[in-house]
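See structure below.
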Amino acid sequence: MSADIVKDIENKKIDLENALKIVEDLKEVSALKIEYLKKYVKFLYSELKNVSVEEKKTLGKVINDFKNFAEEKIKEVESKYKQEKSASKYDVTIFKDNIKLGSMHPLTKLYKKIEKVFVGMGFSVVQGPEIEIDKYNFEKLNLPPHHPARDMQDTFYISAPNVLLRSHTSSVQIRTMEKSKPPIQIIYHGTVYRVDDIDPQHTPMFYQIEGLMVAEKISFANLKAVLIKFLKEVFGEETGVRFRPSYYPYTEPSAAVDMSCTKCGGKGCKTCRNTGWITVLGSGMVHPNVLEGVGYDSKKYTGLAFGLGLNRLALAYYNLDEIRKLYENDISLWQQI
Amino acid sequence: MFKFSLNWLRDYFEEDIKYDEIMDKLKLQGFEFGGKKEFDGDVVTEIEVKANRPDMLYHMGIARELKAFDGEKIPEITHENSAVNNENFPVKINVNKEVCKRYCALKISGVNLKIPTPEYIIKRLNVLEINSVNAVVDIGNYVMLDMGQPIHSYDFDKISGNKLTIDKSEKDSKITTFIGDEAEVKKGDIVISDDEGIKCVAGVIGTQGAAVTEITKDIILEAANFDEISVRLTSRRLKISTPSSFRFERGVNINSTLDVLLKCANMITKICGGKIEANVFDFYPEKK
């Protein structure tokens, strides 16, 4: 009885070897696996019950040998096909010519350019939180509670009256001055928030870049030099710059800075409302109250400060007409600029 | 924001002024402008006034800015003089100096309010979008737009107890403004009251209680300098913003209060008749 089985096993070995020679893919290999390793081996173990105790020993060894033999052979073929399969799926040498590469957002790109100009003049870059408290956003900037100039910045409150979304990045200047001693020469930037309906020229969230320089003997001449240099570096040597008297509670005197219209070069067009000038910066000499508020001696130290809306500047720089366009992320527009 | 009339500005210049020339000067001073409108022979321009320039919220101030550009001065405010005598003023006035830095008042007897407001005043108020009420109120508004000092008037006969108190309100109470709206005054708002109740929310709006009407004979004319923050808080809370509260919030020239009051009184007596009573009230404890 056991002799028949041994013979059958020998035949099966040959069958398996032949079958493995003609299989074409992994699917067929796994079919063989089921047939030989599962069904047939199961059958053999069941036959084992029908033989005598002595025969069991020898037959058991034969069955185990067959099992090992079959496993090895099948694995060999299987790994061959597996290798082939992975190689065909990923052809790393293929060339695809319509891949769209991402790049920096135009606002980031312009910011980087501006940052480079200021860093070149010796400014270092600092940051501050977007959720602010009244003290840093208003009070220490010479804007006590109930000051009418607070109307200029309609603010979002997280919990009125103290916790708010910063309405300008100027809060960073106070935070930095509180932590360090003059001389200070920093720029800081980020998103700011003001209650405003979305229209071509306004969005409730926008970007600001501001700068501050505090040391002994800083004068308005320094302010002019820094800003003229900045505008000429970014917009070209031929850019005209003018300073107009203005008002910010945290600077005295304050100046609005205009540059010649980028679209018409100063002749007058729709963008500059026929004036030839576009207002791009607010600036001034740091108010003594602000310096005293952070513990600086305002008799010894003076400072200059300036701020700009990156979105507005981007319109001029990329010759766009609507601030909204900067957020729509229209790829075809980005490719043009 | 303040709208000014070109023709009104011309009052301050002997020679004719050209619109483009004055605009150039103002622009060079850093001012920005909103819309511009033309009315028969006049040009009305909206000027953006930042919080530090309340002196640009009236025509004399704009004229002063223009003259200063050429190194000239505007003429001083001229009026008939009257002696100050707080003790003998016909109304007993108590002022809390925390909420009011200067308080001037005078009495005009025998005005005739049936006389209509002169045409030129109505025309000037209309181009600046201010409605005509009656001669005394119109002249008050005219003076405010001309010289920046808000003016308020009371019907003398409606002041009960011959007493006015300028102080924070001690309790909540309902008022009816002179245009007929209901409003709720809260404890702490600055008010002007007599024995009967609130006659005026200081610097913001008058009530019907003491309003000057067609049958008014005697008036008390008031020019004051209320505390900026108090006016602002009261105006915010009541959600009432008037040309007067807008100016007080930003600051009114404390040294012209009496001059403007007397000038205004002169105009009223000239137009509506009546006589300025001899004693003028002037509370000004901390001179600046």
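The values are calculated or read from the model by the stated rules, or taken from the named source; none is laboratory data. Note that the structure is predicted; figures quoted are calculated from it, not measured. Virtual Cβ from ideal backbone geometry, glycine too; neighbours counted across all protein chains shown.
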(request) Residues being touching a His at 6+ places or on another chain (Cβ under 6 Å) and over 26 Å from B:P75 (Cα atoms): count how many of those fall in region B:230-288. (result) 1
(request) Answer yes or no as to whether B:L9 is within 14 Å of chain A (Cβ to nearest Cβ), within 19 Å of the chain's Cα centre (by Cα), in contact (Cβ under 8 Å) with a residue 24 or more places away in the chain and surrounded by 19 or more Cβ atoms within 10 Å (Cβ to Cβ). (result) no
(request) From the list A:V234, A:V241, pick out the single residue that is closer than 20 Å to B:G30 by Cβ, more than 14 Å from chain B (Cβ to nearest Cβ) and either in contact (Cβ under 8 Å) with a residue 24 or more places away in the chain or β-branched (V, I, T) (or both). (result) A:V241
(request) Working only within region A:281-298, note down all residues that are hydrophobic (A, V, I, L, M, F, W, C) and away from every other protein chain (no Cβ under 14 Å). (result) A:M285, A:V286, A:V290, A:L291, A:V294
(message) Checking B:L258 against (1) of a type in the set (A, V, I, L, M, F, W, C); (2) crowded, with 21+ Cβ neighbours inside 10 Å; (3) within 13 Å of another protein chain (Cβ to nearest Cβ), only one condition comes out false. Which one?
(response) (3)
(request) Collect the residues in region A:100-124 that are surrounded by fewer than 12 Cβ atoms within 10 Å (Cβ to Cβ) and outside any helix (DSSP H, G or I), keeping them in residue-number order. (result) A:K100, A:L101, A:G102, A:S103, A:M104, A:G122
(request) Could you look through region B:103-130, keep only residues that are out of contact with any Leu (no Cβ under 8 Å at 6 or more places or on another chain) and within 18 Å of B:V280 (Cα to Cα), and pick out the one that is surrounded by the fewest Cβ atoms within 10 Å (Cβ to Cβ)? (result) B:G110
(message) Given the criterion farther than 22 Å from B:E222 by Cβ, within 14 Å of another protein chain (Cβ to nearest Cβ) and either at pLDDT below 90 or more than 23 Å from the chain's Cα centre (by Cα) (or both), identify the matching residue among B:K50, B:K37.
(response) B:K50
(request) Answer yes or no as to whether B:Y58 is hydroxyl-bearing (S, T, Y), touching a residue at least 12 places away in the same chain (Cβ under 8 Å) and under 22 Å from B:D259 (Cβ atoms). (result) yes
(request) Tell me which of these B:K187 doesn't satisfy, since it passes every other one: (1) without any contact (Cβ under 8 Å) to a residue 24 or more places away in the chain; (2) surrounded by fewer than 18 Cβ atoms within 10 Å (Cβ to Cβ); (3) not in a loop (DSSP other than H, G, I, E, B). (result) (3)
(message) Condition (residue is touching a Lys or Arg at 6+ places or on another chain (Cβ under 6 Å) and farther than 21 Å from A:T203 by Cβ) applied to region A:239-249: is it met by at least one residue?
(response) yes
(message) So in region A:247-276, with the set limited to residues that are crowded, with 21+ Cβ neighbours inside 10 Å, in a strand (DSSP E or B) and within 14 Å of chain B (Cβ to nearest Cβ), which one is modelled with the lowest pLDDT?
(response) A:Y248
(request) Output the number of residues of region A:108-138 satisfying the condition of being touching a Pro at 6+ places or on another chain (Cβ under 7 Å) and within 14 Å of chain B (Cβ to nearest Cβ). (result) 0
(message) Given the condition crowded, with 21+ Cβ neighbours inside 10 Å, more than 13 Å from chain A (Cβ to nearest Cβ) and more than 28 Å from B:F4 (Cβ to Cβ), answer yes or no: does some residue in region B:220-243 qualify?
(response) yes
(message) Given (1) in contact (Cβ under 8 Å) with a residue 60 or more places away in the chain; (2) more than 14 Å from the chain's Cα centre (by Cα), identify the lone condition not met by B:P150.
(response) (2)
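One line per residue, one yes/no per condition, for (1) of a type in the set (D, E, K, R); (2) free of Cβ contacts under 8 Å to residues at least 40 places away in the same chain; (3) more than 26 Å from B:L28 (Cα to Cα):
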site	(1), (2), (3)
A:S260	no, yes, no
A:M285	no, no, no
A:S298	no, yes, yes
A:L313	no, no, no
(message) For region A:148-178: of the residues being away from chain B (no Cβ under 14 Å) and of a type in the set (K, R), which is nearest to A:M205 (Cα to Cα)?
(response) A:R166
(request) Would you check if there is a residue in region B:83-90 being free of Cβ contacts under 8 Å to residues at least 60 places away in the same chain and of a type in the set (G, A, S)? (result) no
